[in-house]
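Let me begin by presenting the structure, written as structure tokens, before commenting on it.
The values are calculated or read from the model by the stated rules, or taken from the named source; none is laboratory data. None of these values were measured; they are calculated from a predicted model. Cβ sites come from the backbone with ideal geometry, for glycine too, and all protein chains shown count toward neighbours. Just so you know, the surface numbers come from the protein's heavy atoms only, side chains and all, with ligands and any DNA or RNA stripped out. Shrake-Rupley method; radii C 1.70, N 1.55, O 1.52, S 1.80 Å.
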Amino acid sequence: MNHDDLADWSKRAADWARDYHAGLRDRPVRAATPPGATAARLPAHAPERPEPMEAIFADFQAIVPDAMTHWQHPRFFAYFPANAAPASMLAEQLANAMAAQCMLWQTAPAATEIEEVMIGWLRQALGLADHFTGTIHDSATTATLSAVLTMRERALGWAGNTGGLSGQPRLRLYASAQTHSSVDKAARIAGIGQDNLVKIATDDAFAMDPAALDRAIAADLAAGYRPAGVILCVGGTGIGASDRIAETLEVAKRHGLYTHVDAAWAGSAMICPEFRGIWDGIDDADSIVFNPHKWLGVQFDCSVQFLADPAPQVRTLGLRPDYLETLGQGQVTDFNEWTVPLGRRFRALKLWFTLRAEGLEGVRSRIRNHVAWAQEACDAIAALPGFQIVTAPRLSLFTFALTDDAETEALLRRINDDGRIYLTQTRHQGRFVIRVQVGQFDCTREDVMSIPAVLAELAGITPP
Ligand SMILES: *Cc1c(COP(=O)(O)O)cnc(C)c1O
């Protein structure tokens, strides 16, 4: 295959993509494929001789789409969304065409500078203070790991990176049980240990109790531990819970701890000023992560980390071996020094395309609709006999259940085998609950209101 062929096939692929998207509503949202079915259709060995693209493309069409769960399906209400506005897909095609490795300013000046400008656009769009700068990661997991590594090194006076952790004081991190498992993973990978991630009690609204945090830090200090940082959440994955940011940051700062706020999902909604109350006080955070690849419409993967001061993170993650020395270092940003991997994709391009093609007003109106429709669907489910709303909508996420766990679980299986909508579960206070999040970019009010209709039908209820 040469580049002329690539141009022809790219047109075929674009036509295929248009038809795929146009036909999504006719497909079950979740793949109905049994485990092993796809692998069984592939030869066990790579071909020795080149195969024609015609055959490869035909196999793609025959094997892949039916064995995929369709994240761009307008009735995808599972997990959190992974939206991909068409403009962001186009930007990915262009980034793919150049296939640059954007580790240094010198290896990709435009990628570096567009990344810096996009961080500024997003900072303003989210209403954050002017002092924040930042970078783009592949995922919130990596951004949180970067922040936790920074907490570790800062607490150890940057001795861990060189000397290792053996013989060092036992570090402690603090978060509520509503934070994402990526925080537990970061504690593991950073060598701090999951047992040293102290889960602080929450209040009636499932926010971390700042007084309990204060007591836990004091107790750890008295016991000879070294507190390193606090991870706060805005819009947790289970039920969308948020910590009381201002009060919790105040406690952390009083103890001199580094702070990281995980707003991976809910951060996108902060482009709407009326929702910003859930992160009041955010400007005092050291680090904030949010995923434009979730609700903002920027194709996966694209996770933005804002930093009040990049210096501690760059000191933690940055290395300058001889072979990466470049002219002008010091006047330009080499973003590999801000992130865990050295190699970097040109992710800023899809942010630039998406924000321009949709406009902030376009994204805001989508998010506002999602929040309003989630409330409407929640009210309709509350009216179904036997259904209970377990947690009310936080932005566009709520949970419901039937009276006992086994029935709820059986209902969820029926919903997803049916395929018209896709919902997933979590456990809340020991109870099996079904999550509904409204956030898919192409969903309409009718798609959202199909949730109560499908539930009523599958539960054998005549809608009131
Ligand atoms: C989705 C999510 C994450 C993980 O995001 P990745 O980008 O997939 O690593 C972390 N925290 C919260 C609150 C999330 O919603």
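Say whether the condition of being under 24 Å from the mean Cα position of the chain (by Cα) and either open to solvent by 40 Å² or more (accessible area, probe 1.4 Å) or not assigned by TED's automatic domain parsing to the domain that holds GLY229 (or both) is met by at least one residue in region 325-333. No, every residue in region 325-333 fails to be under 24 Å from the mean Cα position of the chain (by Cα) and either open to solvent by 40 Å² or more (accessible area, probe 1.4 Å) or not assigned by TED's automatic domain parsing to the domain that holds GLY229 (or both).
Here the condition is being out of contact with any Lys or Arg (no Cβ under 7 Å at 6 or more places or on another chain), within 16 Å of the ligand (Cβ to nearest atom) and under 24 Å from GLN178 (Cβ atoms); of ARG394, ARG344, it holds for ARG394 alone. Report yes if some residue within region 347-359 is more than 27 Å from LEU232 (Cβ to Cβ), charged (D, E, K, R) and within 16 Å of the ligand (Cβ to nearest atom); otherwise report no. Yes: one or more hits.
For region 308-322, state whether one or more residues are assigned by TED's automatic domain parsing to the domain that holds ALA207, crowded, with 18+ Cβ neighbours inside 10 Å and within 16 Å of the ligand (Cβ to nearest atom). Checking region 308-322: not a single residue is assigned by TED's automatic domain parsing to the domain that holds ALA207, crowded, with 18+ Cβ neighbours inside 10 Å and within 16 Å of the ligand (Cβ to nearest atom). Output the helices (runs of 4 or more DSSP H) that fall wholly within region 124-198 and possess 3 or more residues being within 16 Å of the ligand (Cβ to nearest atom) and within 23 Å of the chain's Cα centre (by Cα), or say none. Passing ranges, in order: 140-155, 181-189.
Of the residues making up region 221-249, those that are more than 16 Å from the ligand (Cβ to nearest atom) and out of contact with any helix residue (DSSP H, G or I) (no Cβ under 9 Å at 6 or more places or on another chain) are LEU221, ALA222, ALA223, GLY224. Got at least one residue in region 102-115 being crowded, with 18+ Cβ neighbours inside 10 Å, touching a residue at least 60 places away in the same chain (Cβ under 8 Å) and within 16 Å of the ligand (Cβ to nearest atom)? Checked against the condition, which is being crowded, with 18+ Cβ neighbours inside 10 Å, touching a residue at least 60 places away in the same chain (Cβ under 8 Å) and within 16 Å of the ligand (Cβ to nearest atom), region 102-115 yields no hits at all. Count of region 1-25 residues, restricted to those that are basic (Lys, Arg) and part of a loop (DSSP other than H, G, I, E, B), is 0. Consider region 253-282 and keep the residues that are more than 22 Å from MET151 (Cβ to Cβ) and more than 16 Å from the ligand (Cβ to nearest atom). The one that is nearest to the chain's Cα centre (by Cα) is ILE271. The condition of being open to solvent by 30 Å² or more (accessible area, probe 1.4 Å) and either outside the structural domain of ARG364 (by TED's automatic domain parsing) or more than 26 Å from the chain's Cα centre (by Cα) (or both) holds for only one of ARG414, ARG420, ARG445, that being ARG414.
Checked against (1) open to solvent by 30 Å² or more (accessible area, probe 1.4 Å); (2) of a type in the set (A, V, I, L, M); (3) not assigned by TED's automatic domain parsing to the domain that holds GLN329, ALA78 passes all but a single condition, namely (1).
Counting only strands (runs of 3 or more DSSP E) that fall entirely inside region 331-447 and contain at least 2 residues that are under 15 Å from ARG75 (Cβ atoms), the qualifying elements are 431-437. For region 270-297, filtering for residues that are touching a Ser or Thr at 6+ places or on another chain (Cβ under 8 Å) and within 13 Å of VAL371 (Cβ to Cβ) leaves 2.
Being open to solvent by less than 10 Å² (accessible area, probe 1.4 Å) and part of a loop (DSSP other than H, G, I, E, B) is true of HIS70. Annotation: THR162 fulfils all but one of (1) of a type in the set (Ser, Thr, Tyr); (2) within 28 Å of GLU247 (Cα to Cα); (3) surrounded by fewer than 19 Cβ atoms within 10 Å (Cβ to Cβ); (4) out of contact with any Asp or Glu (no Cβ under 8 Å at 6 or more places or on another chain); the unmet one is (2).
Please indicate, with yes or no, whether at least one residue in region 285-296 is over 15 Å from the mean Cα position of the chain (by Cα) and within 16 Å of the ligand (Cβ to nearest atom). So far as region 285-296 goes, yes, one or more of its residues are over 15 Å from the mean Cα position of the chain (by Cα) and within 16 Å of the ligand (Cβ to nearest atom). Is it the case, given these coordinates, that PRO28 is without any contact (Cβ under 8 Å) to a residue 12 or more places away in the chain and in a loop (DSSP other than H, G, I, E, B)? Against the criterion (without any contact (Cβ under 8 Å) to a residue 12 or more places away in the chain and in a loop (DSSP other than H, G, I, E, B)), PRO28 does not qualify.
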